[in-house]
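To keep things clear, I will list the structure first and then write my remarks on it.
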Amino acid sequence: MKYQCLIFFLIITSFYAQAQKRVYFNEGLTEVPASSKEKKYYSEHEFAEVNEDGYYQHSLYDLDGHLSKRFLTEGSSIKSKQFGTYNAFHPDGTVKEEGQFTKGKKDGFWKIYFSNGNVKEEGEFSNGSKKGTWKRYYENGQLESTYFDVYTQDEQFSRRIYEDAWDISGKQTLEKQTGTLKIHNSKNQYSEEGSLLAGQKNGKWIGIYDNGQKFYEETYELDSLISGTSWDREGRKYEYTILKIDAYPEMGFRKFYKKFYNRFQAKYLTKGIFNNSYTYAEKLFMTFDIHLDGTISNIQFTNPQLPSINNAAKNTLIELKNWVPAVERGQSVFTNYVFPVELYSNDEY
């Protein structure tokens with residue numbers, strides 16, 4: 001009996017240890033090794049908990065042990081479609097962001113908060129896109145600006161139009177899309193300021209890095225860039241007349257597409273893999289990072305198909321190698337690229 005109790009205790013302990021296995025994730029919520037420099041979050045559970053409605057509950061912590069995100073998914077994978085309430089938290093435990101997901105896309109009213117509890121930004125989402133007028137605030141609670149986003153027919157973000165803006169003291173600087181506007185880009189850590197005329201950039205615009213160093217000077221005429229000069233963080237100077245050039249394959253798109261589809265089908269896929277019983281989508285969407293030296297990494301799938309199809313696409317992309325990095329304001333920049341792979345139901349490319 002003594003030995004039976006001991007064995008039972010060891011089994012329970014082993015199961016608990018497995019359930020408590022710490023799993024690490026990067027910014028894009030892809031699982032990474034504990035030794036990875038990309039790790040940003042971790043979960044205390046190897047397997048997600050299931051709530052009373054049958055959805056999987058995920059709780060992610062930052063590397064200092066603070067609860068960072070909490071959300072639900074329809075499948076056990078952390079990258080399954082999200083449903084219901086989503087919450088993100090500041091390190092001190094105050095709410096950073098809250099809203100709802102419907103079938104994997106942001107939906108309904110969302111709010112983002114400063115760590116002092118004041119609202120930073122608020123507005124409506126519909127099917128993953130911002131709809132109607134959104135409001136931004138300063139940390140002291142003063143309204144900073146109102147804006148709305150414009151999308152293409154296939155719901156891709158096109159541009160942002162600012163309607164009204166105020167300085168931190170409450171003085172209005174932009175009214176009905178005309179006046180001066182100062183905005184902060186928290187992702188890339190710089191501020192920019194200039195004039196708008198009927199919603200279009202006009203005259204001189206200046207960008208400043210958060211450390212006070214000048215980032216760029218640009219001249220516009222009714223939203224058309226006339227000339228620009230930028231400086232990187234090491235002080236190197238760049239001249240340009242085109243604001244942004246997207247990344248592209250070193251061999252050019254035409255040659256790349258031809259080689260990609262020939263190899264994708266002939267070298268990696270078995271005959272008949274694209275019949276209706278196996279193909280779940282017309283396109284497979286791959287995302288990958290393009291570095292400043294043109295190399296690619298972090299290949300992911302936003303709508304994974306059969307492993308044979310996923311692996312074929314990934315291996316073909318790796319085989320075709322280098323890209324020319326994107327250029328913004330004359331400077332080569334790191335980007336994440338979305339590549340739609342056509343999945344045909346016949347053998348022709």
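Readers should treat all values here as calculations from the given coordinates under stated rules, not as data from a laboratory. These numbers come from a predicted model, not from an experiment. Cβ sites come from the backbone with ideal geometry, for glycine too, and all protein chains shown count toward neighbours.
Pairs exceeding a 25 Å alpha-carbon distance, out of 40/237; 79/258; 214/244; 79/135; 37/106; 21/106: 40/237; 79/258; 79/135; 37/106; 21/106. Legend: calculated FRET efficiency, residue 178 to residue 334, from the Cβ-Cβ distance at R0 = 35 Å, rounded to 0.05, equals 0.50. What translational diffusion coefficient, in µm²/s and rounded to a whole number, does the Stokes-Einstein relation yield for region 177-241 at 20 °C and a viscosity of 1.002 mPa s, taking the hydrodynamic radius as the Kirkwood radius over Cα pairs? For the chosen part, D equals 176 µm²/s.
Within the straight-line cut-off of under 16 Å between alpha carbons, the aspartates and glutamates reachable from residue 283 are 154, 342, 347, 348, sequence neighbours fewer than 8 places apart in one chain being disregarded.
Shape summary of region 76-174, radius of gyration then Dmax from alpha carbon positions: 15.2, 50 Å. Cβ-to-Cβ counts within 10 Å put 38, 282 in ascending order as 282, 38, the fewest first. Of the residues 84, 33, 309, the one whose Cα sits farthest towards the positive end of the charge dipole of the chain is 309 (charges of +1 on Lys and Arg Cβ, -1 on Asp and Glu Cβ, taken about the Cα centre). Extending 7 Å from the Cα toward the beta-carbon at both residue 133 and residue 258 defines two label points whose distance is 5.4 nm.
Between residue 126 and residue 66, what is 0.36 nm times their sequence separation minus the Cα-Cα distance? Round to one decimal in nm.
Details: separation 60, 0.36 × 60 = 21.60 nm, distance 3.04 nm.
The residue 126-residue 66 span can extend by a further 18.6 nm.
Looking at the square roots a ≥ b ≥ c of the eigenvalues of the Cα gyration tensor of the chain, which shape do they give, rounded for a/c under 1.5, prolate if a/b is larger than b/c, or oblate? Because a/c hits 1.5 or more and a/b fails to exceed b/c, the chain counts as oblate.
Can you sort 285, 125 by how many other beta carbons sit within 10 Å, fewest first? Please list the in-between numbers first.
Values: 285 15, 125 20.
Listed from fewest to most nearby Cβ atoms, that is 285, 125.
Sort 105, 130, 21 so the one with the fewest other Cβ atoms within 10 Å of its own Cβ comes first. Numbers along the way, then the final one.
On the way: 105 15, 130 19, 21 11.
The fewest-first ordering by Cβ neighbours comes to 21, 105, 130.
Working from Cα pairs under 8 Å separated by at least six residues, relative contact order for the chain is 7 percent. For the residues 252, 203, 179, a GNM of the chain with alpha-carbon springs under 10 Å puts the largest fluctuation on 252. Put a dot 7 Å past each Cα toward the Cβ at residue 197 and residue 148; how far apart are the dots in nm? Simple spin-label model gives 2.4 nm for this pair.
Can you give the relative contact order of region 76-174 as a percent, counting alpha carbon pairs under 8 Å and 6+ residues apart? Could the numbers behind the result be given before it?
Details: 218 pairs, mean separation 14.3, N = 99.
This gives 14 percent for region 76-174.
Quick check: Cα centre of region 105-183 to Cα centre of region 64-94, how many Å? Here the two parts' Cα centres lie 24 Å apart. Charges were assigned to the Cβ only: +1 to each Lys and Arg, -1 to each Asp and Glu. The resulting dipole of the chain about its Cα centre is roughly 860 debye. For residue 102, put the label point 7 Å out on the Cα→Cβ axis and report which residues of region 123-151 keep their amide N under 15 Å from it. The answer is 124-132. Helix content alone sets the calculated 222 nm mean residue ellipticity of the chain: runs of n ≥ 4 DSSP H residues at -39500 (n - 2.57) each, divided across all residues, give -4500 deg cm²/dmol.
Let me check I've understood the local charge: for residue 340, count other residues with C-beta under 15 angstrom from its C-beta, Lys and Arg +1, Asp and Glu -1. What total comes out? Within the 15 Å Cβ shell, the charges total -3.
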